[in-house]
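Following: one structure in structure tokens, then a few remarks.
The values are calculated or read from the model by the stated rules, or taken from the named source; none is laboratory data. Since the model is a prediction, treat every value here as computed from it, not as a measurement. With ideal geometry, Cβ positions are generated from the backbone for all residues, glycine too; neighbour counts draw on all protein chains shown. Side chains are part of the model used for accessible areas, which takes the heavy atoms of the whole protein and leaves out ligands, DNA and RNA. Shrake-Rupley method; radii C 1.70, N 1.55, O 1.52, S 1.80 Å.
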Amino acid sequence: DISLNVTMSNTQQVESAVMKSSADIGFVEGPVSSQHLKLQKVDHDQPALVVSTRRWPSLGVTGNSIDLDKLPWITRESGSGTRRVLEDLAYKNGLKWSDLNVVLELPSNESVKEAVEAGAGVTLISRHVVASSLKSGTLRAVPLDLPPRSFHMVLHKDRDISDAARALIDMIGLDAGDSS
């Protein structure tokens, strides 16, 4: 009998759990720092700057110029790969995190999406997460040139994986022995 326990966490928490053996396997969208982990690409993603269609004109994001420090940001918590995309974008534009107008920090992509749909602000988020909202018209993507990012499976290099983790890896068609 194989049982699997699934927990949602940010990239830093997943890295820590795999390192401490409280998780056999993890999935991340952000960078990991430990040399004891092996990564295998699972999928890719395109981040998008999105805003509620109800707030689109009032936020001043309709033109080619976007003032990152003027927008009301809804973000993930520190340690999230999604938040890292916004941190990197701010840095590339000569801004510090403290320069941004962060109005709400939330623990999941779903809660961020719902807050943006309600009109509380804008966010950078995975197109996978907001695909149905973009299609239905509750959210609108702002043109912004952001690099794609990859999702990776994370395993410890020096540890055997559980039967449950092996079953999951087999089910999604990956090879626990391959790394990148």
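Can you pull the Kirkwood radius for segment 111-180, inverse mean 1/r over Cα pairs, to one decimal in Å?
Numbers: mean 1/r = 0.0647 Å⁻¹.
Every distinct Cα pair counted, the radius reaches 15.5 Å.
Net charge of the neighbourhood of Leu89, taken over other residues with C-beta under 13 Å away and scored Lys/Arg +1, Asp/Glu -1, is -1. What share of the DSSP beta bridges in the chain is antiparallel, in percent to the nearest 5? Roughly 75 percent of the beta bridges in the chain run antiparallel, per DSSP. Protein heavy-atom accessible surface, 1.4 Å probe, per residue over the chain: 56 Å². Of the whole protein surface, Asp170 contributes about 100 Å² of accessible area at a 1.4 Å probe radius. How much of the calculated P(r) for segment 1-157 lies past 18 Å, in percent of all Cα pairs? Counting pairs separated by more than 18 Å, the tail of P(r) holds 60 percent. Between Ala164 and Lys135, the contour length at 0.36 nm per residue exceeds the Cα-Cα span by 6.8 nm.
Tell me the mean residue ellipticity at 222 nm calculated for the chain from its helices only (DSSP H runs of n ≥ 4, each -39500 (n - 2.57), averaged over every residue, nearest 500).
Numbers: 5 runs with 49 residues, N = 180.
Using -39500 (n - 2.57) per qualifying helix, the result is -8000 deg cm²/dmol.
Amide H contacts of Leu139 (H built 1.01 Å from N, in plane; Pro and chain starts excluded): Thr53, Leu134 sit under 5 Å, all sequence-distant by 5 or more or on other chains.
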